[in-house]
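See structure below.
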Amino acid sequence: MKAMLAQRAISGWRLHEKEIPGVPDFFFSNERAAIFIDGCFWHGCPKCGHIPKTNRAYWRAKIARNRARDARITRRLRRVGFSVVRLWECDLRKRPSTCVRRIQRSLKRAG
């Protein structure tokens, strides 16, 4: 992702900004934009996420908690004026230019 942003001359971001709730993967302070790249397994991607065959109840609950936390963080950031973009890991792999366009649109709206 860093290389894709650099190729398109998108700058001004910091990685894993610990001061921002949820610790976004990319944070644009001037535009107040938080970009999260959600792993398909850990965040329950509807397209390719899966539940392991062993200990299914544990994994269902764990992934549900992760999704609920993601939603809380997104709401919290938006309430205080941040733009939030959540990208699935599989989309980044399969459609990287679409993901970059989403980020660019978010930055334009915010800036």
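Each reported figure results from applying straightforward, stated rules to the coordinates on display, with no laboratory input. The model shown is predicted, which means the values in this text are computed figures rather than measured ones. Reconstructed Cβ throughout: ideal geometry from the backbone, glycine too, with neighbour counts over all protein chains shown.
Per the listing Cys99, Cys45, the residue uniquely buried (at least 17 other Cβ atoms within 10 Å of the Cβ), among the hydrophobic types (A, V, I, L, M, F, W, C), assigned to a helix (DSSP H, G or I) and in contact with an Asp or Glu (Cβ under 8 Å, 6 or more places away or on another chain) is Cys99.
Restricting to segment 43-85, count the residues that are of a type outside the set (A, V, I, L, M) and closer than 21 Å to Arg109 by Cα.
So the first thing to find is which residues in segment 43-85 are of a type outside the set (A, V, I, L, M), and the list is 43-50, 52-56, 58-60, 62, 65-67, 69-70, 72, 74-76, 78-79, 81-83.
Still in the running and closer than 21 Å to Arg109 by Cα: 74-76, 78-79, 81-83.
Number of matching residues: 8.
Picking from residues in segment 1-42 that are assigned to a loop (DSSP other than H, G, I, E, B) and β-branched (Val, Ile, Thr), the one that is farthest from Ala68 (Cα to Cα) is Ile10. If the condition is being on the phi > 0 side of the Ramachandran plot and over 16 Å from the mean Cα position of the chain (by Cα), then segment 1-59 contributes Ala9, Gly12, Asn55. The residue of segment 27-37 that is nearest to Arg105 (Cα to Cα), among those that are buried (at least 16 other Cβ atoms within 10 Å of the Cβ) and free of Cβ contacts under 8 Å to residues at least 60 places away in the same chain, is Ala34.
Could you tell me which numbered condition Arg65 fails, if it satisfies all but one of (1) more than 19 Å from Phe27 (Cβ to Cβ); (2) under 14 Å from the mean Cα position of the chain (by Cα); (3) surrounded by fewer than 13 Cβ atoms within 10 Å (Cβ to Cβ)? Every listed condition holds for Arg65 apart from (2).
Just a yes or no: is a residue in segment 63-83 part of a helix (DSSP H, G or I), in contact (Cβ under 8 Å) with a residue 60 or more places away in the chain and of a type in the set (A, V, I, L, M, F, W, C)?
From segment 63-83, those part of a helix (DSSP H, G or I) are 63-79; that's our starting set.
From what's left, in contact (Cβ under 8 Å) with a residue 60 or more places away in the chain: none.
There is no residue in segment 63-83 that is part of a helix (DSSP H, G or I), in contact (Cβ under 8 Å) with a residue 60 or more places away in the chain and of a type in the set (A, V, I, L, M, F, W, C).
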